[in-house]
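Here the structure comes first, spelled out in structure tokens, and everything after it is commentary.
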There are 2 protein chains.
Amino acid sequence: MMLFIVLTCFLAGCLAQKPHPCSSPPLLSGDLTVTTQNEKLSTYAKYLYDALGQRVRVMELGTFENKSFTYDALLLYREGAMYEINEHDRTCKKKPLKEDFHPMAIPKDASLMGQVVLGSSSEPGQGLLVNTWTGDLPDKAGKFISTVTEFGCVPVTTVYHTEKFGWMVTSLFNNVLGIPEPDRLNPPGFCLDAEMKVEEQTDFLSLFINKP
Amino acid sequence: MMLFIVLTCFLAGCLAQKPHPCSSPPLLSGDLTVTTQNEKLSTYAKYLYDALGQRVRVMELGTFENKSFTYDALLLYREGAMYEINEHDRTCKKKPLKEDFHPMAIPKDASLMGQVVLGSSSEPGQGLLVNTWTGDLPDKAGKFISTVTEFGCVPVTTVYHTEKFGWMVTSLFNNVLGIPEPDRLNPPGFCLDAEMKVEEQTDFLSLFINKP
């Protein structure tokens, strides 16, 4: 009888290890790079991500068609507004944000492509267990292939493929749980009198793609 | 005085953490994928790597211009020979191997592009510390960008850029230290009477690129 219980627990343990779609930590910050197939875009950015307050800050340094640019945006999904911030000139543009907030997560209907170890599992500190998932983008706009860590569901790489933009590869790294600079998720003082420009609407992808 | 010693040790510790070019473990096996920019090639392979005996086995399953292929090769650099093995038909082709063995390593004159954490450093098991290096390929044939783990120098991704082939991305994963199937680094019995075909010379890159 004891053996049966032990065996059942063991089997349950094995089954529990099968990867499941997961949600990324609600507070996350770090670095990211974005490269696109057809837009000659290469971007490096620092990001802050707050799924509780539905706020995202992206501070980019990139090149588009071999010209460098900087871009700094704060997206406040609850307000339906985004701020384009120029800290050097202390100027601000406020625009409507047309899309809903999408928390970073593997959708429940995604398909597992595989689980692999980056690096090596032979010694501690030499490997990272990751799961790769694929599925359809919302509104069947295209496909995604997302790799996240098995422990913690931290994003590693996401490849988006859409008719409109071709392949776009986003890699996140140097991620930490939490927000080291919470103040950067609020509009700076010099933004408070910015008026909403209703004629220009924005969504998240276009932060990276419609340059400059 | 004690504080001085502690401070010196602390500083030495910090300096010791600066990444240095490194050699990968001499016995390594795992999986790899190769994708090329201009050849429409996508390969998945199991590999065995023995830098002590200068032997490499690559068992590929790939697609080239949307046609699938399998390819199984054993490279014996000390003998200057390679075997193309068909285990299903128990046939073998033996060819001269023209190039020298290059152990997997970051060359001493490579430049550090950066050190980052894939995943997150906030919790154990969620992150992998890696270093990315760039430099020239031998004979100035092109450039490489190589990412290896900080601990253990295990290869993660290498991007080669050559005039001839464009970009080629090699990713290694599921790596383990050691050779789980040592017998696969010796020619199978049915290969022993294979005669060397001197007219066909091969090098390592062409294992992946000159398909089918």
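How many residues does the range B:128-164 hold that are within 9 Å of chain A (Cβ to nearest Cβ) and of a type in the set (D, E, K, R)?
Of the residues in that region, 1 qualify.
From B:GLY114, B:GLY119, grab the single residue that is within 14 Å of chain A (Cβ to nearest Cβ) and in contact with a Leu (Cβ under 7 Å, 6 or more places away or on another chain). Give the derivation first.
Numbers: B:GLY114 fails: in contact with a Leu (Cβ under 7 Å, 6 or more places away or on another chain).
Of the residues listed, the single one that is within 14 Å of chain A (Cβ to nearest Cβ) and in contact with a Leu (Cβ under 7 Å, 6 or more places away or on another chain) is B:GLY119.
Quick check on my filter: what residues within the range B:55-79 are surrounded by fewer than 16 Cβ atoms within 10 Å (Cβ to Cβ) and outside any strand (DSSP E or B)?
B:GLU65, B:ASN66, B:ARG78, B:GLU79
Yes/no per residue for (1) buried (at least 17 other Cβ atoms within 10 Å of the Cβ); (2) polar (S, T, N, Q):
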site	(1), (2)
B:LEU97	yes, no
B:MET113	no, no
B:VAL117	yes, no
B:VAL130	yes, no
B:LYS140	no, no
B:SER146	yes, yes
B:THR149	yes, yes
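Looking at (1) buried (at least 18 other Cβ atoms within 10 Å of the Cβ); (2) within 14 Å of chain B (Cβ to nearest Cβ), can you tell me which one A:TRP167 breaks?
(1)
What are the residues in the range B:170-212 that are surrounded by 15 or more Cβ atoms within 10 Å (Cβ to Cβ), modelled with pLDDT of 80 or more and within 30 Å of A:LEU128 (Cβ to Cβ), if any?
Matches in the range B:170-212: B:THR170, B:SER171, B:LEU172, B:PHE173, B:ASN174, B:ASN175, B:VAL176, B:LEU177, B:ILE179, B:ARG184, B:LEU185.
Of everything in the range B:24-45 that's aliphatic (A, V, I, L, M) and farther than 19 Å from B:ILE179 by Cα, which residue is farthest from the chain's Cα centre (by Cα)?
So the first thing to find is which residues in the range B:24-45 are aliphatic (A, V, I, L, M), and the list is B:27-28, B:32, B:34, B:41, B:45.
Filter once more, so that each one left must be farther than 19 Å from B:ILE179 by Cα: B:34, B:41.
Numbers: B:VAL34: 10, B:LEU41: 17 Å.
Filtering the range B:24-45 for residues that are aliphatic (A, V, I, L, M) and farther than 19 Å from B:ILE179 by Cα, the one farthest from the chain's Cα centre (by Cα) comes out as B:LEU41.
The values are calculated or read from the model by the stated rules, or taken from the named source; none is laboratory data. Here the structure is a predicted model, which means the values were calculated and not measured. No Cβ is skipped: glycine too gets one built from the backbone with ideal geometry, and neighbour counts run over all protein chains shown.
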